[in-house]
């Protein structure tokens, strides 16, 4: 977003031709120059020998501390005053710009705030000490798309921006007072963008709350009207387990429709391991593959899962999340197979499980690797509507979610 605002700011004045062989035209009272001409210092640091860090002392900035919106002090390192003095020419002062010049964070840049009286930098960070130009203007220029496009980076294994190439980069320089005006205008636009982004975030929160409310209404029998001609849920449950104790209400689900019942989750579904197989090469169905985060990996042995199986994540932060396998394969070690009784509407039960995801996440067991509390999962009280109503509920949820997802997509 900042590079867009920079391009807008540079067009606030009517452009007229200035001179030839420059990247683009600038106003008559602007000049084209190079970064070396508007900085009294350009240079990177080095890593203290033997990573000679201290528990306190002089702040030592590394590339992970340099972000476009400010200094990040998480995992900050310090060096002693003696080490700092031995690193000649790499002292960082307030109002300096720090620019990452190597690796995946190449191009990230920030201004050193006044609260930091001095510091030092690693070899992956370049110090820019501006003169004749506002630090804020230079910062916005570095974040612009023009800077990103004209960087002459080198290297293949670990790309970098050499000092010489940085020094020779062109920069359009307005008069000092106009720089100040540009920054005022940019701040005004940033404030407006901030309001828009906050409104977007608020709307996303409302959409998620709406989805939760729809689920809550659905499992309490309040999302759609009941049909008196539907077979009562009690008859459906007798086919599942004739000896089961069936209730129409309990502490969590009071005043359910007369045709509904409540039973524990263990009566409706089970968690099992897949059958062990070997000698056949199949795709490894782990979380990252099922989320589309990496390509296929092949195994010749494992716990078999057929295509269209349901796998529930039992280990890790998102335990309780359910995946449907697109193809057959060997399930990851963090999964159990979820089998839902054929007398129930599968999608309805999955929506019930989804409504309990927060509770399942907050009540994991185990210390080394927190995992799904299977006892709690099996004890979940499931409100059961007649079978036909289950399908109508799922259809109503899908329609409502489709509209809400369309809103999210267009934010």
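The values are calculated or read from the model by the stated rules, or taken from the named source; none is laboratory data. The structure presented is a predicted model; accordingly, all values stated were derived computationally and were not measured. Positions of Cβ are generated from backbone atoms using ideal geometry, with glycine treated the same way; all protein chains shown enter the neighbour counts.
For this structure, a couple of remarks:
- Meets criteria (outside any helix (DSSP H, G or I), crowded, with 19+ Cβ neighbours inside 10 Å and modelled with pLDDT of 95 or more) for residue 337: yes
- Residue within segment 345-364 that is in contact with a strand residue (DSSP E or B) (Cβ under 8 Å, 6 or more places away or on another chain), loosely packed, with under 15 Cβ neighbours inside 10 Å and not in a helix (DSSP H, G or I) present: no
- Condition check for residue 202: in a helix (DSSP H, G or I), outside the structural domain of residue 135 (by TED's automatic domain parsing) and free of Cβ contacts under 8 Å to residues at least 12 places away in the same chain: yes
- For segment 63-79, the criterion of being in a loop (DSSP other than H, G, I, E, B), in contact with a strand residue (DSSP E or B) (Cβ under 8 Å, 6 or more places away or on another chain), at pLDDT 90 or above and more than 28 Å from residue 148 (Cβ to Cβ) is met by no residue.
- Set 151, 183: member being assigned by TED's automatic domain parsing to the domain that holds residue 34 and surrounded by 13 or more Cβ atoms within 10 Å (Cβ to Cβ): 151
- Check on residue 320, within 18 Å of residue 340 (Cβ to Cβ), modelled with pLDDT under 90 and surrounded by 14 or more Cβ atoms within 10 Å (Cβ to Cβ): yes
- Considering the conditions (1) farther than 30 Å from residue 357 by Cβ; (2) in contact with a strand residue (DSSP E or B) (Cβ under 8 Å, 6 or more places away or on another chain); (3) at pLDDT below 90, residue 247 is excluded by exactly one of them, (1).
- Selection count, segment 116-138, where residues are part of a helix (DSSP H, G or I) and either free of Cβ contacts under 8 Å to residues at least 40 places away in the same chain or within 14 Å of residue 89 (Cβ to Cβ) (or both): 0
Residue-wise test of (1) in the same structural domain as residue 236 (by TED's automatic domain parsing); (2) more than 28 Å from residue 217 (Cβ to Cβ); (3) surrounded by fewer than 19 Cβ atoms within 10 Å (Cβ to Cβ); (4) modelled with pLDDT under 95.
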{"site": "254", "(1), (2), (3), (4)": "yes, no, yes, yes"}
{"site": "262", "(1), (2), (3), (4)": "yes, no, no, yes"}
{"site": "273", "(1), (2), (3), (4)": "yes, yes, yes, yes"}
{"site": "276", "(1), (2), (3), (4)": "yes, yes, yes, yes"}
{"site": "287", "(1), (2), (3), (4)": "yes, yes, yes, yes"}
{"site": "293", "(1), (2), (3), (4)": "yes, yes, yes, yes"}
{"site": "296", "(1), (2), (3), (4)": "yes, yes, yes, yes"}
{"site": "299", "(1), (2), (3), (4)": "yes, yes, yes, yes"}
{"site": "313", "(1), (2), (3), (4)": "yes, no, no, yes"}
